[in-house]
1. Looking at (1) on the phi < 0 side of the Ramachandran plot; (2) more than 11 Å from the chain's Cα centre (by Cα); (3) outside any strand (DSSP E or B), find the lone condition where THR199 falls short.
2. What pairs can you find where one residue is in the range 293-310 and at pLDDT 95 or above, the other is in a strand (DSSP E or B) and of a type in the set (D, E, K, R), and their Cβ atoms are less than 7 Å apart, with a gap of 6+ or different chains?
3. Any residue that is at pLDDT 95 or above, within 18 Å of THR85 (Cβ to Cβ) and surrounded by fewer than 24 Cβ atoms within 10 Å (Cβ to Cβ) - is there at least one of those in the range 228-251?
4. Considering each of LYS164, LYS149 in turn, give the residue that is surrounded by fewer than 22 Cβ atoms within 10 Å (Cβ to Cβ), modelled with pLDDT under 95 and within 14 Å of the ligand (Cβ to nearest atom).
5. How many residues does the range 219-272 hold that are more than 24 Å from VAL179 (Cα to Cα) and among the charged types (D, E, K, R)?
6. Can you tell me which residue in the range 202-227 is nearest to VAL101 (Cα to Cα), limited to those that are within 9 Å of the ligand (Cβ to nearest atom) and part of a loop (DSSP other than H, G, I, E, B)?
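The values are calculated or read from the model by the stated rules, or taken from the named source; none is laboratory data. Keep in mind that this is a model prediction, so the values were computed, not measured. With ideal geometry, Cβ positions are generated from the backbone for all residues, glycine too; neighbour counts draw on all protein chains shown.
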Amino acid sequence: MFPVVVVHGGAGHIPKERSELSTGGVSSAARAGYLVLQGGGSSMDAVVEAVTQLENNPSFNAGCGSVLNIRGEVEMDAIVMDGKTLGSGAVSAVRNVANPVQLARLVMDKTSHVCLTADGASKFARSMGVPEVPMDSLITQYSRMRWEKNLAPDANPVECQMGKMGTVGAVAVDGEGNVACATSTGGMLNKMEGRVGDTPCIGSGGYADNQAGAVSTTGHGETIMKVTLARHILFHMEQGQSAEAASDLGLAYMKSRVGGLGGVVTVDPQGNWAARFSSLQMAWAAVQKDTLHRGLYAGEHFTQSIHEPH
Ligand code: GLY
């Protein structure tokens, strides 16, 4: 069994001028997560580190760079899950924190609950000493431009969002064979205030169970929730399917049953992994056995030793 970290930067269509930022971002995040494993960290430590890096990277729709709701504000969702204990923590519609994934982990580690939302999540963050950040520090010029464009009377924010997503996530297996997942997002472009998507919903935005594997999802939240995509994929793995085949079966079911497109990163406890998507693109990267794997289009798969300059 070889430890591994697999990361995604969101399913959809990535504009050409942003594709290098996306592939560079997921590659760095996967390497950072792998370094945590090499230093003796757990799979949970590794996925939180990888997703923190992606939240801090303004190219992605999570943390700084999140899309804006209809009022031009940032409300974010995140989840973590530990496959050893089935412990999970999540936050939804949370504001003014730089790293919702770290807050989700605090919900798991420090409360008896699984999900805290909105003001309650912010109050909990304050009580844990998590620094409050101004909303403006999470808003990029790009996200404000897209928000303004989608306020136009003839705009279709859902269609536009389907074209340019950027939810981020990671799955990992550590040296002890424990699996974990983490997912974080700003949600859907120009969403209603208070809208909560799939990301913080256990079984939809992610799921981890040492008896099957771990999955982090990306795509149109309203359709992912209808098929509980992460748990659906793990069901196929429990029936003997590989990480890759189970991911494809889950994505195909979501497409045929509810017309949804998306992507996933998946691992099994033996360290077998997959990065699969039904959207046009998904930036993904994985590190295993000191080798970086990455891709952006279906069928694209580059590899490189992580000791070479990138
Ligand atoms: N998959 C992210 C969202 O729909 O909120």
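1. (2)
2. PHE302/ARG294
3. Yes: the range 228-251 contains one or more residues that are at pLDDT 95 or above, within 18 Å of THR85 (Cβ to Cβ) and surrounded by fewer than 24 Cβ atoms within 10 Å (Cβ to Cβ).
4. Of LYS164, LYS149, the one residue that is surrounded by fewer than 22 Cβ atoms within 10 Å (Cβ to Cβ), modelled with pLDDT under 95 and within 14 Å of the ligand (Cβ to nearest atom) is LYS164.
5. Selection size over the range 219-272: 4.
6. GLY205
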